[in-house]
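Worksheet: one structure, shown below.
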Amino acid sequence: MNIIDGKKIASEIKQEIAQQVKVMLDKEERPPHLAALLVGNDPASETYVNSKGKACKEVGFDSSTYKFESDISEEELLETVQFLNNDPDIDGFIVQLPLPEHIDEQKVILSVSPRKDVDGFHPENVGRMSVGLPAYISATPNGIMELLKRSGIETAGKSCVVLGRSNIVGRPISILMSQTTNPGNATVTVCHSKTANLKQITSQADILIVAIGKPEFVTADMVKEGAVVVDVGIHRVETDQTKSGFRLIGDVKYDEVAPKASWITPVPGGVGPMTIVSLLMNTLKARNNEIYS
Ligand code: NAP
């Protein structure tokens, strides 16, 4: 069994990005600039936005956060989005989700200029990705593709089963794995909560990508011997075995599945570290006008 080492791969990509930023600075060009819009005081969202700021600093990007109280009106938020859309010093920005209930999330996503949509949530980017045009691809699926590529895992002609069909993970990764790219060229099956005979389907998979949000749902009897297993799930569970009093587990029962797998992502240290790095990759593309010239 081989570990798909997300921590190591993410660190390598960060070094590559930092090198490209250095070249820009040496030429006296401005570095890429990533902005984040944060509404309210959700601790998980605050942590995530802070991590983005830290990652930007590490690679030499500029970063800024536009923070608002949770009672901000939809109109005011949309005005800020327009401001960021038009600010030539900002290459890309993200709107941290979830937003408070009185704000229409889809309306906000649609108001972000596709050219600055480094989260890849705008339907224009989703559509471009679906037909194989250059696009900002959302962070987690982009990170999974990068993990497969950099680990040298063969995907062409393989049977790939994706567990989950969310707009941010399951759906886009199923599209990417079926594209005529490398990684890609897989024969993809998408499973969800209405799928019948789930175990029968997952146990045929050469590549199993799990994003269902249920702790340790995938057990050894659901996995084919020698499969590649990508675990997207992250769950914090209490334990008396760590100083912090908790540990992270995935959607896959790692201890029993890992011995059967040819490759597997651990949790933590697999898909997780790739998410912020993907956002940095997209911001660099935005700075270089690689997607929309
Ligand atoms: P989500 O929006 O809740 O989607 C879960 C999907 O799993 C849905 O399509 C659902 O089917 C399906 N599902 C639920 N129960 C099922 C069952 N018993 N059998 C088969 N399918 C079932 O979740 P998500 O946003 O994709 O996230 C999935 C997990 O990944 C979560 O643990 C999340 O925390 C984690 N995550 C991690 C990262 C990272 O950076 N590592 C990023 C994003 C998400 P229906 O469509 O029929 O409801």
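The values are calculated or read from the model by the stated rules, or taken from the named source; none is laboratory data. Just so you know, these numbers come straight off a predicted model, no measurement behind them. Cβ atoms come from the backbone with ideal geometry, glycine included; neighbour counts cover every protein chain shown.
Among the numbered criteria (1) of a type in the set (Ser, Thr, Tyr); (2) modelled with pLDDT of 95 or more; (3) farther than 30 Å from residue 12 by Cβ, which single criterion is violated by residue 178?
Exception for residue 178: condition (3).
Mind checking which residues of segment 133-182 are within 20 Å of residue 7 (Cβ to Cβ), in a loop (DSSP other than H, G, I, E, B) and more than 14 Å from the ligand (Cβ to nearest atom)?
Those that are within 20 Å of residue 7 (Cβ to Cβ), in a loop (DSSP other than H, G, I, E, B) and more than 14 Å from the ligand (Cβ to nearest atom): 151, 152, 153.
Given the conditions (1) within 20 Å of residue 260 (Cβ to Cβ); (2) surrounded by fewer than 16 Cβ atoms within 10 Å (Cβ to Cβ); (3) not aliphatic (A, V, I, L, M), and given that residue 180 satisfies all but one, which numbered condition is not satisfied?
Only one criterion is unmet by residue 180, namely (1).
I'd like the full set of residues that are within 10 Å of the ligand (Cβ to nearest atom) and under 24 Å from the mean Cα position of the chain (by Cα), limited to segment 187-217.
190, 191, 192, 193, 202, 210, 211, 212, 213, 214, 215, 217
What's the total number of residues in segment 218-244 that are free of Cβ contacts under 8 Å to residues at least 24 places away in the same chain, more than 10 Å from the ligand (Cβ to nearest atom) and not charged (D, E, K, R)?
Result for segment 218-244: 5.
For residues that are without any contact (Cβ under 8 Å) to a residue 24 or more places away in the chain and within 16 Å of the ligand (Cβ to nearest atom), scanning just segment 98-132, find the one that is surrounded by the fewest Cβ atoms within 10 Å (Cβ to Cβ).
Checking each candidate, the answer is 106.
List, please: which pairs have Cβ atoms under 7 Å, are six or more places apart or on different chains, and start with a residue in segment 188-213 that is of a type in the set (D, E, K, R) and end with one that is assigned to a helix (DSSP H, G or I)?
199/221; 199/222
If you check 223, 230, which single one turns out to be modelled with pLDDT of 95 or more, touching a helix residue (DSSP H, G or I) at 6+ places or on another chain (Cβ under 8 Å) and closer than 27 Å to residue 15 by Cβ?
Going through 223, 230 in turn, the sole match is 230.
Filter segment 262-293 down to residues that are buried (at least 24 other Cβ atoms within 10 Å of the Cβ) and assigned to a loop (DSSP other than H, G, I, E, B) and give me whichever is nearest to the chain's Cα centre (by Cα).
This residue is 271.
If residue 15 passes every condition in (1) modelled with pLDDT of 95 or more; (2) surrounded by 13 or more Cβ atoms within 10 Å (Cβ to Cβ) but one, which one does it miss?
In the conditions (1) modelled with pLDDT of 95 or more; (2) surrounded by 13 or more Cβ atoms within 10 Å (Cβ to Cβ), residue 15 misses (2) alone.
Does at least one position in segment 35-46 carry a residue that is closer than 30 Å to residue 255 by Cβ, part of a helix (DSSP H, G or I) and touching a Lys or Arg at 6+ places or on another chain (Cβ under 9 Å)?
Step one: filter segment 35-46 for residues closer than 30 Å to residue 255 by Cβ, giving 43-44.
The next check asks that each one be part of a helix (DSSP H, G or I); those that pass are 43-44.
After this cut, where a residue has to be touching a Lys or Arg at 6+ places or on another chain (Cβ under 9 Å) as well, the list is none.
Within segment 35-46, not a single residue is closer than 30 Å to residue 255 by Cβ, part of a helix (DSSP H, G or I) and touching a Lys or Arg at 6+ places or on another chain (Cβ under 9 Å).
Does residue 150 fit the bill of being among the charged types (D, E, K, R), under 28 Å from residue 284 (Cα atoms) and under 14 Å from the mean Cα position of the chain (by Cα)?
Details: among the charged types (D, E, K, R): yes; under 28 Å from residue 284 (Cα atoms): yes; under 14 Å from the mean Cα position of the chain (by Cα): no.
In short, no.
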